[in-house]
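Chemist: Below is one structure. I have some questions about it.
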Amino acid sequence: ARLPTSNVDATFGVDVARKLTTGTFRLAAPDLGIAPYMAASGVNLGGSLIAEGAWSGPLSNPAVDATVTGRNLTIVRPGPVTIAATGGIFDGVLKGPIANLGGGGTLAIGSVDIGGRDAGTVSADLTIAAGVAHVAARVPVVKTTVDVSIGLEGPNRFDGHGAVADCELDALLGLTGLAAPDPGAVRGRISTLVAFKGDLRNLSAANVTVEVAAT
């Protein structure tokens, strides 16, 4: 009941004597924005998602081979500084026993807006293995990279780091709405390293360290 409305088509066969199964499936979620769990989280998600593929093997743990595609993906987080990502495209593959799926994919965000200011595009690579999702993302306009690993089972522990590499200070200030009134009044470059660790069920207790260097 907490997932978005989906259309599911499947064909399957079962060998009762050998306890084996085979089948194909196609799941389409045409509107991710109507998922109740997203409203409860305070994050608005939009776009469509399709997963299709086949499975075969033991009834208790068949192997799955599936492709996942997302189109027109949007993520909006309201608040004092609104963050909106639009024009997202995701292509991925999931393979392996259903109890221990692995795979990966790529995500491209066409535009990111922070507080009404354009932060450019975002690209990310996703890999899943041994119950952990690893995301490596890049935001070229502000020379930012983020690398994080998140456990797929509760309490969803995460561990990662981010970096801003030698970015123009006035560009960062402009993005946050703190740009100087006169062009060139603020000059210099800034580099930042951020490390974070915690779990998604208790974000307020996450451990975060920040190192800043300005020139």
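Chemist: Report whether or not ALA85 is under 15 Å from the mean Cα position of the chain (by Cα), part of a strand (DSSP E or B) and at pLDDT below 95.
Modeler: When the stated conditions are applied, ALA85 passes them.
Chemist: Against the definition (closer than 22 Å to PRO80 by Cα, among the β-branched types (Val, Ile, Thr) and open to solvent by less than 50 Å² (accessible area, probe 1.4 Å)), how does VAL148 come out, yes or no?
Modeler: Taking the combined requirement at face value, the residue does not satisfy it.
Chemist: What are the residue pairs meeting all of these: first residue in region 93-114, first residue among the polar types (S, T, N, Q), second residue assigned to a helix (DSSP H, G or I), Cβ atoms under 6 Å, and 6 or more apart or on different chains?
Modeler: none
Chemist: Further question on the same structure: Could you tell me which residue of region 109-129 is nearest to ALA84 (Cα to Cα), considering only residues that are open to solvent by 50 Å² or more (accessible area, probe 1.4 Å) and modelled with pLDDT of 90 or more?
Modeler: Looking at residues that are open to solvent by 50 Å² or more (accessible area, probe 1.4 Å) and modelled with pLDDT of 90 or more, I get THR121.
Chemist: A follow-up question, please. Which of the following residues is assigned to a strand (DSSP E or B), surrounded by 15 or more Cβ atoms within 10 Å (Cβ to Cβ) and within 16 Å of the chain's Cα centre (by Cα): ALA133, ALA163?
Modeler: Answer to the check: ALA133.
Chemist: Pick from SER48, SER56: which is of a type in the set (Ser, Thr, Tyr), in a strand (DSSP E or B), touching a Lys or Arg at 6+ places or on another chain (Cβ under 6 Å) and surrounded by 15 or more Cβ atoms within 10 Å (Cβ to Cβ)?
Modeler: SER48
The values are calculated or read from the model by the stated rules, or taken from the named source; none is laboratory data. Please read these numbers as outputs of a predicted model, since none were measured by experiment. When we count neighbours, we look across all protein chains shown, and the Cβ atoms used for this are built from the backbone with ideal geometry, even at glycine. What goes into the accessible areas is simple: the full protein's heavy atoms, side chains included, and nothing from ligands, DNA or RNA. Shrake-Rupley method; radii C 1.70, N 1.55, O 1.52, S 1.80 Å.
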